Structures are given as C-alpha cells and as structure tokens.
1. Expressed as a fraction of 2.2 N^0.38 Å, the rule-of-thumb size for a compact globular protein of N residues, what is the C-alpha radius of gyration of the chain?
2. Round to the nearest 10 and give me the degree value, 0 to 90, for the angle of helix 303-314's Cα axis relative to the longest principal axis of the chain.
3. Over 29 Å between Cα atoms: which of 150/293; 102/174; 150/301; 204/277; 277/301; 138/277 fall into that group?
4. Along region 202-211, what does the Karplus equation 6.51 cos²θ - 1.76 cosθ + 1.60 (θ = phi - 60°) give for ³J(HN,Hα), rounded to whole Hz, x for Gly and Pro?
5. Find how many whole Å separate the alpha carbon centroid of region 124-195 from the alpha carbon centroid of region 88-118.
6. Counting alpha carbon pairs within less than 8 Å and at least 6 residues apart, what relative contact order, in whole percent, applies to the chain?
7. Order by neighbour count: 66, 239, 307, 97, fewest other Cβ atoms within 10 Å first, most last.
8. Round to the nearest 0.05 the FRET efficiency obtained for residue 1 and residue 313 when R0 = 51 Å and r is the Cβ-Cβ distance.
Amino acid sequence: MSSVDVVIPCYRYGAVLPTAVRSVLDQPGVDVRVLVIDDASGDGSADVARELAAADSRVEVWEHETNKGHIATYNEGLLGWASADYCALLSADDALTPGALKRAADLMDAHPEVGFVYGRPLHWDGSDPLPPARTESKGWQVYQGRSWLKRRFEVGDGCITSPEVVVRTSLQQKIGGYDPALPHSGDIEMWMRFALHSDVGYLKGVDQAYYRVHGNNMSVSYYSASGVGDLRQRLVAYTALLDRANGEFPEGRHLEVGLRRVLAKDALRRAGRAYDKGQAEVEPVEELVAFAKEAYDDAEKLPEWHTLRLRQRLGARAARALRPLVLTAAARRVRQVYRVRQWKRAGV
C-alpha cells in the first residue's frame with residue numbers, strides 16, 4: 001500500500017482545521033500521516049491541532065513560536081518532514097475529496113516517470129456538510145513534462161490551484177520547495193519546475209479537492225488590491241523558472257516571447273472591460289496599459305490595443321453604451337490583422 005504524507009499549514013484557521021484533517025484521515029487505500037504546522041496563530045488554533053493529534057496517532061503538530069510566513073512553513077513540512085512515497089500540501093481551510101489520495105497514488109505507482117498528479121478542484125463556500133464531489137475515476141492522462149510546460153507558456157496560466165496536487169516526495173526534495181522570492185506565484189513556478197524533470201499526470205472527470213473560496217483567500221486579498229498584480233506575478237514566476245532552468249530548457253526563451261504577448265493581451269482586455277462596465281475611472285486602466293507595454297515590446301501593434309484606444313476616444317460613458325459596436329469593430333480589426341498576416345506568409 002502506498003504511503004502519503006500531508007502537510008497542513010495553519011494560521012488562525014482552527015475553526016475549519018478539523019474538516020481538513022478528517023478529509024485526510026478518512027482517505028481509503030493509502031497509509032497517511034498528517035503534519036499540522038501552526039504558524040504562531042495565537043488564537044487557539046494550536047489547541048485545536050493538539051486535540052486532533054491526541055485523538056489520532058497519525059496526526060503530528062509543530063508549533064512556531066514566531067510567525068514564519070506561508071512559504072517557510074510549506075517548505076518546512078515538505079522538505080523537512082515528509083518521507084512517504086508521495087506528499088501533498090493542504091491548506092487548513094481546504095479539504096480532500098473521498099479517494100483523492102489513492103487515485104493519485106495509483107497513477108504514480110503505474111507511471112514512475114510522473115512527478116506530480118492533479119485533477120479538478122471543487123470550489124466550496126465552507127458550508128457543512130461538504131458538497132457532493134465527482135469521485136468515480138474516468139481514467140487518467142499522462143503528459144510529457146516538456147509538452148505540458150510548453151502549454152503553460154502558450155496560455156500564460158498555471159491551471160492549478162494547489163490542494164488538488166499530490167507529488168512524488170523524492171522528486172520534491174530533489175528539486176526543492178516553494179521559492180521565497182515568489183510569495184504570490186511560487187506554486188505556478190514549482191509545478192513548472194516539476195515538469196522540467198518529470199512527466200505530469202492528470203485525473204480525468206474527478207474532483208480531487210475542495211478549494212474554499214472566501215474573502216480571506218490569499219490570492220483574493222492580494223489580486224483585488226491591484227488589478228495588475230495577478231499578471232505581474234505570473235510573469236515573475238515564468239521568468240524565475242527560465243532563470244532557474246539554466247540551459248535545461250533552451251526553447252524557453254523563444255516561448256517567453258509568446259508568453260509576454262499573451263499577458264499583454266490579457267492586460268489590454270482587462271482595461272477594455274473596464275470601459276465596457278463603465279468603471280474606467282475606478283479600475284487601474286493606466287497600470288494595465290503600462291504593464292502591457294513593459295511585458296511586450298509590440299503591445300501597440302496588438303488588436304486589443306486598437307480596440308482599447310477606440311474605447312478611450314469614445315469615452316467611458318459612450319463606450320459602455322456603444323459596446324456592441326465596439327465589439328464588432330474589434331472583431332473586424334482582428335480579421336483584418338489575420339488577413340494581413342496570411343498575405344505576408346503567402347508572399348502577397
């Protein structure tokens with residue numbers, strides 16, 4: 001039977017911690033251990049953790065005297081404690097779906113070349129009981145690591161939230177943990193780093209974890225403060241990976257150009273939507289445009305640039321009222337650019 005170690009960092013989430021821990025202990029078909037690391041919560045969360053440990057010998061608790069932050073806490077557990085065949089990081093306010101660990105372990109048992117496995121996260125509002133999840137296996141897909149990594153550059157998105165991932169412990173400790181320089185996008189960079197060294201497994205048609213969505217999510221509190229924060233952190237994660245790859249991913253620099261284009265287009269679309277919603281005066285439009293120009297040298301040649309300028313010439317009120325016409329003009333511009341490119345390729 002495969003073994004899985006699950007690290008649960010906890011900072012002031014004692015009220016929901018039992019749900020997370022129980023979701024691990026109730027996993028069938030695998031030997032599990034749980035490490036709860038209380039990051040100096042100071043609100044009684046550590047007391048809850050100790051009660052859980054007293055009730056089940058598979059639960060261990062570490063307590064920080066001073067707050068070390070989430071990255072240091074993650075790495076402490078993953079690199080300094082985990083020793084099972086596989087390991088996972090589960091936030092104290094998230095939970096695993098029934099059978100998640102066995103499904104992931106079965107895939108990695110069958111494919112030693114796979115470094116980590118993920119599936120779908122089921123967004124959850126924290127209500128009790130947990131909502132029904134899809135747990136009947138529909139099979140799996142194994143992606144060649146470099147192909148999966150290339151796709152991440154093409155779409156500019158990590159596609160993983162985190163609790164739905166199970167990794168091979170030996171590889172985790174070989175490649176290292178979360179990068180302290182990437183407090184908001186270290187997970188994206190680390191999954192891509194895994195793909196540099198291994199293949200990637202995906203579980204089809206099943207929900208692997210409950211991802212609790214609420215106002216205190218780290219990503220929500222960070223990204224809502226700055227409309228461009230998400231884009232900047234994604235770019236930083238990708239460039240950090242390329243710097244770390246140090247020649248192991250020679251095609252990466254070429255893919256970086258496409259990535260920058262994708263992120264610039266995203267920024268310009270967000271700015272355009274601010275006009276469509278009549279919120280151009282409150283949304284960080286100038287910051288989004290500045291990011292697009294910084295990220296991609298030819299940002300002003302993108303179709304999204306021209307449609308944004310059209311909205312700006314119309315003004316926020318008119319742009320919102322004439323949104324259908326603007327979208328028609330945008331589609332026309334996209335078609336025109338596409339035709340020109342086709343002519344150039346044909347030598348016309």
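None of the figures in this text is laboratory data; all of them are computed from the coordinates on show. As the structure is a computational prediction, the values presented were derived from the model and not from experiment. Positions of Cβ are backbone-derived with ideal geometry, glycine not excepted, and every protein chain shown enters the neighbour counts.
1. Values: Rg = 22.7 Å, N = 348, 2.2 N^0.38 = 20.3 Å.
Compactness ratio reported: 1.12.
2. Between helix and principal axis, roughly 70 degrees.
3. Over 29 Å Cα-Cα: 204/277; 138/277.
4. Along region 202-211, the couplings run 10, 8, 7, x, 10, 8, 9, 7, 9, 9 Hz.
5. If we compute the Cα centre of each part, the gap is 10 Å.
6. Details: 613 pairs, mean separation 53.8, N = 348.
Over the chain, the number comes to 15 percent.
7. Numbers: 66 6, 239 15, 307 23, 97 26.
Least to most surrounded, the residues fall as 66, 239, 307, 97.
8. Numbers: r = 66 Å, r/R0 = 1.30.
Once the sixth-power term is evaluated, E becomes 0.15.
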